[in-house]
Amino acid sequence: METNSVNRDKTGRNILIAVSVIITVVLLYYSVMAMMAPVRKINSLKEEYSFRQDPKNVVSDSIVYDSAYLSLYREKAYLTARTAMAATDSLYLSMNLADSNVTLEISGVTVATTKLTRISASKIFYDRDQYFISSMLSHPFTVERNIASIPKMPLMIKMAPKDTSEYQPDIIPDTADYEPVNFIMEMDNGTTFYVYQEEKLNKGDRMHLFLFDLRYRIDEAWISMKSIFSLKVPEYHPFIRVRLPRADAKIIYRALPEHGQIAVYR
Amino acid sequence: MEEELITNEELKPQDNTRKEGSGLLRKVLIGIAAVLSVIFLFIFFIYIIPALQTIPGKEKNLITNSPLLKKDPGYKKHIALLNRDIQRLSRKYSSYTSGQSYLVINTTDNLFYLYRNKKLIREGHCSTGSFKMLKTLEGRSWIFKTPKGKFTIQGKQTNPAWRRPDWAFVEEGLPIPARQDDPVRYEYGVLGDYALALGDGYLIHGTIYKRFLGMPVTHGCVRLNDDDLEAIFNSLSIGSKVYIF
């Protein structure tokens, strides 16, 4: 009886050790693959946007690290992106991370502006090679998918009355209706913008934001897992996370077209 | 022997109880460890990995301000080219903003802003589309929303009459007149003193429902109070721009 019990204990312990080792190995493998993702993304962006010598005007490669040159190059990149968007005749966003502000514009006309209260971004945007970042930002980002806590178009369906006896005049809309405003925009070049409301106006706002963010994180982790467990380095999505006042966040989300464009200055 | 046997028998129940107790404790500990492991794995995949991907490396900042480079003629040429490009782009970009009067309409908050020479000269409440979708049993439908984007004033009218479209009859359960110029379609005095056409049947006009200004209640047109409408009518001419967001 006692020998059986000892054997069972030993088997149990061995299984526990084996499971722990397997989990540790899996986690290590997952970590390594996940850490390779941003490195790979940076390398691919550098390949696409790095400095190319003009044979007619050759200059030292170190120009891309010169502060005066970079400052002008950044300005040019931002203007290039905004000019390209202005030509489209639709609403777009200009996000200036250096000045912490964001403007909603149409054809070069600023129609709304707001201050960004909190900003955080992927390490890609802080890479020591600022030239390729500015080159990348000279092209506007285009929204591919929106995930939001409010509808883009708050449509209400009303059935037409059959005759005048069924007719009822419209009820005055309830403008006091409250819903938290948080949204995520996935862009065509793989970058993700997280726009969250700054204020916690209602009790449930904090929990709402936590769950909204968690749902997206779970989706992202699931996609990464599928990729990693099929022995592929997952796609890394650089991000810019900003907070702004709720009213402005709502205006921006409702105003931007489904596939709106964004220019970023940093 | 007898003594030993008695002692063993006396000890057995206690041992069993102790063994059962330690077995239960072990099960509880294993349970807690399993739950904690699951929580750890969840946090690991959802929070730790993305955080690790975001930690900036200890890369040295390479931005320089070398006087040697500045003496390079190629450098000077590059800087001059950049300055020229920036000036060209800035000019192009500011040329988009009209120096003439233009109107900006915020459909989310139902506000308007009138600009002249790029300066705000008047602002106030307006009413824009209600975002209602009117559906009939026959399958026809209309969405009452104010379109967004850049528009041009295409026409101006004083004492406008409203030619009621089909939806205005459907909405009230009335029969739709067959002809577009049927006198039943015409209603006078409901659009205020002025109307400015934006195209596709959308107008900027006055209203008899002034208490709804600042609310999304229209069928797509922009409603204003009498004073604001008059100021806008006098400021904007045909061809003036209206930006709706």
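Taken together, the values in this text are just the output of simple stated rules run on the coordinates, not laboratory data. Just so you know, these numbers come straight off a predicted model, no measurement behind them. Quick reminder, even Gly has a Cβ in these numbers, built from the backbone with ideal geometry, and neighbours come from all protein chains shown.
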Cα pairs beyond 28 Å in the stretch B:102-244, in percent, come to 17 percent
Counting only DSSP beta bridges fully inside the protein assembly as shown, the antiparallel percentage to nearest 5 is 70 percent
If one builds a Gaussian network model of chain A from Cα atoms under 10 Å apart, the most fluctuating residue listed among A:Ile252, A:Ile63, A:Ile240 is A:Ile63
Inter-chain shielding metric for A:152-164, i.e. average beta-carbon neighbours from other chains within 10 angstrom, reads 6
The simple spin-label model distance between B:Thr64 and A:Ile171, using points 7 Å out along Cα→Cβ, in nm, is 7.0 nm
GNM on chain A, Cα springs under 10 Å; top mean-square fluctuation among A:Tyr216, A:Tyr131, A:Tyr167 goes to A:Tyr167
Averaged over residues of B:40-51, the number of beta carbons from other chains lying within 10 Å of each residue's Cβ is 5
Net charge (Lys, Arg +1; Asp, Glu -1) of residues whose beta-carbon lies under 11 Å from that of A:Ser50, A:Ser50 excluded, is -2
Cβ density ranking, 10 Å radius, fewest first, applied to A:Met159, B:Met215, A:Met95 yields A:Met159, B:Met215, A:Met95
The value for the stretch A:198-260 (convex hull of the alpha-carbon atoms, volume per residue, Å³) is 107 Å³
Applying the span-like rule to chain B (DSSP H, Cα extent along axis at least 27 Å, Kyte-Doolittle mean at least 0.0) gives B:2-43
Looking only at lysines whose Cα falls under 16 Å of A:Lys41's and that sit 8 or more positions away or on another chain, we get A:Lys123, A:Lys232
Exposed-loop cut sites defined as trypsin sites (Lys or Arg not before Pro) in DSSP loop states with at most 15 other Cβ within 10 angstrom; longest site-free run of chain B spans B:180-245
With the convex hull built on the alpha-carbon atoms of the protein assembly as shown, volume per residue in Å³ sits at 262 Å³
Expressed in angstrom, Rg and Dmax over the Cα atoms of chain B are 37.6, 123
Put in order of increasing Cβ neighbours within 10 Å, starting from the fewest, B:Val170, B:Val184, A:Val102 give B:Val184, B:Val170, A:Val102
Expected integer from the mean partner chain Cβ neighbour count at 10 Å over A:54-64 is 4
Quick calc, chain B, dipole around Cα centre from Cβ unit charges on Lys, Arg (+) and Asp, Glu (-), nearest 20 debye, gives 2260 debye
Percent antiparallel among DSSP beta bridges confined to chain A, rounded to 5, stands at 70 percent
Over its alpha-carbon atoms, the stretch A:101-210 yields an Rg and a Dmax in Å of 20.4, 72
From DSSP H assignment alone, runs of 4+ in the protein assembly as shown each adding -39500 (n - 2.57), the sum over residues rounded to the nearest 500 puts [θ] at 222 nm at -13500 deg cm²/dmol
Trypsin sites (Lys or Arg not before Pro) in the stretch A:1-108 lying in a DSSP loop, each with at most 13 other Cβ atoms within 10 Å of its Cβ, come to A:Arg52, A:Lys56
Put in order of increasing Cβ neighbours within 10 Å, starting from the fewest, A:Ile171, B:Ile39, B:Ile48, A:Ile42 give A:Ile171, B:Ile39, B:Ile48, A:Ile42
Candidates B:Phe131, B:Phe40, B:Phe233; GNM for chain B (alpha-carbon contacts under 10 Å) flags as most fluctuating B:Phe40
Sparse-neighbourhood loop hits (trypsin sites (Lys or Arg not before Pro), the stretch A:166-246; DSSP loop; Cβ within 10 Å at most 12 others) -> A:Lys203, A:Lys232
Longest chain B segment clear of GluC sites (Glu not before Pro) sitting in DSSP loops (not H, G, I, E or B) with at most 11 other Cβ atoms within 10 Å runs B:139-245
Check: C-alpha center the stretch B:83-147 vs C-alpha center the stretch A:210-258, spacing in Å is 29 Å
